[in-house]
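Novice: This is the structure, below, for whatever I ask next.
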Amino acid sequence: MKNIGIIGAGVAGLHLGLQLRQNGIPVTIYTNRTSEQVREGRVMNSVAHMHVTLDLESDLGIDHWPGDEYRYISHYHYNGWGEERSYAGEFTSPSRTLDYRIYLPRLMEDFTDRGGVIEYRDLSAGEIHALTDVHDLVVVSTGKGEIGAMFPKRADKSPYDRPQRKLAVGFWHGVARRDPNGVEISVIPGVGELLAIPMWSFSGPVMALLFESVPGGPQEVLTDQRFEDDPEAYRELTLEMLRTHHPTVMERINVEEFRIQSDKDILQGGVTPVLREDYVPLPNGKFLLALGDVHLTVDPVQAQGANAAAYSARVVGDAILEDDVFDERFMQKVASRRGERIEAANDWINTMIHNPPLPQIPALFTAMAANQALADEFTENFNYPIRQVDLLGSEARVSAAIERAATRAAVPAR
């Protein structure tokens, strides 16, 4: 019987492991953090799962959070270009936001309950190579430094050699949710973006404020000034940035109640986007397959990292179920099947974070303010990266989309 090893217990590794256990295949996941360490650790991200990912979770039997308190249906925009600045777009089905310190430990429990094995240890690149003598296939879904470097960077899809945004995300009390519940996206040229994401965490509803700051711009101080040095000063600085640059979020804040959930609930840093090769050959004739963040690392501004990882895990899982030989043909098959969507997510986000903004982006955002169909299309496409790149990949594509949406709006309903 096939025996699979997975490096990493993030969304990609756990989704893959759960699918394989659902089909009776022996799986060992290797990770350096227990579920308790994950639960008690620092905030990891501000991830949203789109409805296509929720469908995958339902199929895996892990949709443990079906309530409305975890879900949202709209994107609210504050547009830094043009005269009409506020508008909204709607999804066809709700998305979900949940603190990953709640999500991942529950999936680890599901995995072991289904007979999966988790080994807790740090692994070097050499030790990962050695695991290919233990397992029929080893999938690497996490790892930085020497582990990430095992998979060469694709220069054609990795245009940046440094972060294009400085990031700061915190889970805050004192920010009212929109009605209907939704994520607010405030885009200010030369400053950056703010995503106000209604999150469910240990204390219940909080607001994840993800500041995406242009390097050298006035907002980057939220990344450079360390929260731990003076939490109250950081709180005041956050309020100052909100008042100055993001008025539609500021108007929902109760200043007296505005506070961080805990000192573990803020994360500051940056992400260098990269797409790496799908697999690498080893001297023993076997291969390592890349999955998740090792394969695709993206800026979080368009909420695609976890959704791309879950999709990729399903492609890998389906291929494992149908095949018994994990040779280069298998690797090529996986690469081909997931390639278009993974590359589309990569290209879409790299277009959005280009500095200065590419001309089609202000054109699209300005047009969406006056056309509900276009705003809804852009919003729903968070589930479909290929469609999104088709929409915004060039000035010509955005112009065509604007004209198409205007034509639809002009046709009277029957």
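The values are calculated or read from the model by the stated rules, or taken from the named source; none is laboratory data. As the structure is a prediction and not an experimental result, all values here were calculated from the model. A quick note on method: Cβ atoms are made from the backbone with ideal geometry, for glycine too, and the neighbour counts reach across all protein chains shown.
Novice: I'd like to check something: does region 294-312 contain any residue that is in a helix (DSSP H, G or I), touching a Ser or Thr at 6+ places or on another chain (Cβ under 9 Å) and closer than 16 Å to Met150 by Cα?
Specialist: Scanning region 294-312 turns up at least one residue that is in a helix (DSSP H, G or I), touching a Ser or Thr at 6+ places or on another chain (Cβ under 9 Å) and closer than 16 Å to Met150 by Cα.
Novice: Separate question: Scan region 1-26 and report the pairs whose first residue is surrounded by fewer than 21 Cβ atoms within 10 Å (Cβ to Cβ) and whose second residue is among the acidic types (Asp, Glu), with Cβ atoms within less than 8 Å and a gap of 6+ or a chain change.
Specialist: That search, which allows pairs on different chains as well, returns Lys2/Asp136; Lys2/Asp324; Asn3/Asp136.
Novice: Right, another one. Answer yes if at least one residue in region 226-234 is touching a helix residue (DSSP H, G or I) at 6+ places or on another chain (Cβ under 6 Å), more than 30 Å from Gln388 (Cα to Cα) and assigned to a helix (DSSP H, G or I), and no otherwise.
Specialist: Yes - at least one qualifying residue is present in region 226-234.
Novice: A further question on this structure: Give the residue, chosen from Ile6, Ile25, that is part of a strand (DSSP E or B) and either touching a helix residue (DSSP H, G or I) at 6+ places or on another chain (Cβ under 7 Å) or farther than 23 Å from Val271 by Cα (or both).
Specialist: Result: Ile6 is the single residue among Ile6, Ile25 that is part of a strand (DSSP E or B) and either touching a helix residue (DSSP H, G or I) at 6+ places or on another chain (Cβ under 7 Å) or farther than 23 Å from Val271 by Cα (or both).
Novice: Pick from region 64-99 the residues that are at pLDDT 95 or above and acidic (Asp, Glu): which of them is nearest to Ala313 (Cα to Cα)?
Specialist: Only one residue fits best here, namely Asp99.
Novice: For region 171-190, what are the residues that are in a loop (DSSP other than H, G, I, E, B) and within 18 Å of Ser95 (Cβ to Cβ)?
Specialist: Those that are in a loop (DSSP other than H, G, I, E, B) and within 18 Å of Ser95 (Cβ to Cβ): Arg177, Arg178, Asp179, Pro180, Asn181.
Novice: Sort out which residues of region 380-408 are surrounded by 15 or more Cβ atoms within 10 Å (Cβ to Cβ), charged (D, E, K, R) and touching a residue at least 24 places away in the same chain (Cβ under 8 Å), and write them in order of number.
Specialist: Glu380, Arg397
Novice: Here's a follow-up. Quick test for you: out of Gly317, Gly285, pick the one residue that is part of a loop (DSSP other than H, G, I, E, B) and of a type in the set (Gly, Ala, Ser).
Specialist: Criteria check complete, one pass: Gly285.
Novice: In the same structural domain as Pro283 (by TED's automatic domain parsing), of a type in the set (Gly, Ala, Ser), under 23 Å from the mean Cα position of the chain (by Cα) and within 20 Å of Ala306 (Cβ to Cβ): is that true of Gly170 in this structure?
Specialist: Judged against the criteria, Gly170 is not a match.
Novice: A further question on this structure: Could you look through region 110-161, keep only residues that are under 20 Å from the mean Cα position of the chain (by Cα) and part of a helix (DSSP H, G or I), and pick out the one that is surrounded by the most Cβ atoms within 10 Å (Cβ to Cβ)?
Specialist: Here the residue is Gly148.
Novice: Moving to a separate point now. Output the residues belonging to region 158-184 that are in contact with a helix residue (DSSP H, G or I) (Cβ under 9 Å, 6 or more places away or on another chain) and aliphatic (A, V, I, L, M).
Specialist: Leu167, Ala168, Val169, Val175
Novice: Residue by residue through region 353-372, note down the ones that are in a helix (DSSP H, G or I) and in contact with a Phe, Trp or Tyr (Cβ under 9 Å, 6 or more places away or on another chain).
Specialist: Ile361, Pro362, Ala363, Leu364, Phe365, Thr366, Met368, Gln372, listed by residue number.
Novice: Is region 271-279 home to any residue that is among the charged types (D, E, K, R) and under 24 Å from Thr97 (Cα atoms)?
Specialist: No - not one qualifying residue is present in region 271-279.
Novice: Follow-up question, since we're still on this one. Under 21 Å from Arg408 (Cα atoms), aliphatic (A, V, I, L, M) and not in a loop (DSSP other than H, G, I, E, B): which single residue out of Ala375, Ala345 fits that description?
Specialist: Going through Ala375, Ala345 in turn, the sole match is Ala375.
Novice: Return only the number of the condition from (1) loosely packed, with under 15 Cβ neighbours inside 10 Å; (2) touching an Asp or Glu at 6+ places or on another chain (Cβ under 6 Å); (3) closer than 26 Å to Met1 by Cβ that Thr92 does not satisfy.
Specialist: (3)
Novice: For region 38-75, name all the residues that are surrounded by fewer than 19 Cβ atoms within 10 Å (Cβ to Cβ) and of a type in the set (Phe, Trp, Tyr).
Specialist: Matches in region 38-75: Trp65 only.
Novice: Test of understanding: among Ser336, Ser262, which residue is of a type in the set (Ser, Thr, Tyr), in a helix (DSSP H, G or I) and more than 30 Å from Glu84 (Cβ to Cβ)?
Specialist: Ser336
Novice: Let me ask something additional. Could you identify the single residue in Val280, Val294, Val255 that is among the hydrophobic types (A, V, I, L, M, F, W, C) and buried (at least 21 other Cβ atoms within 10 Å of the Cβ)?
Specialist: Answer to the check: Val294.
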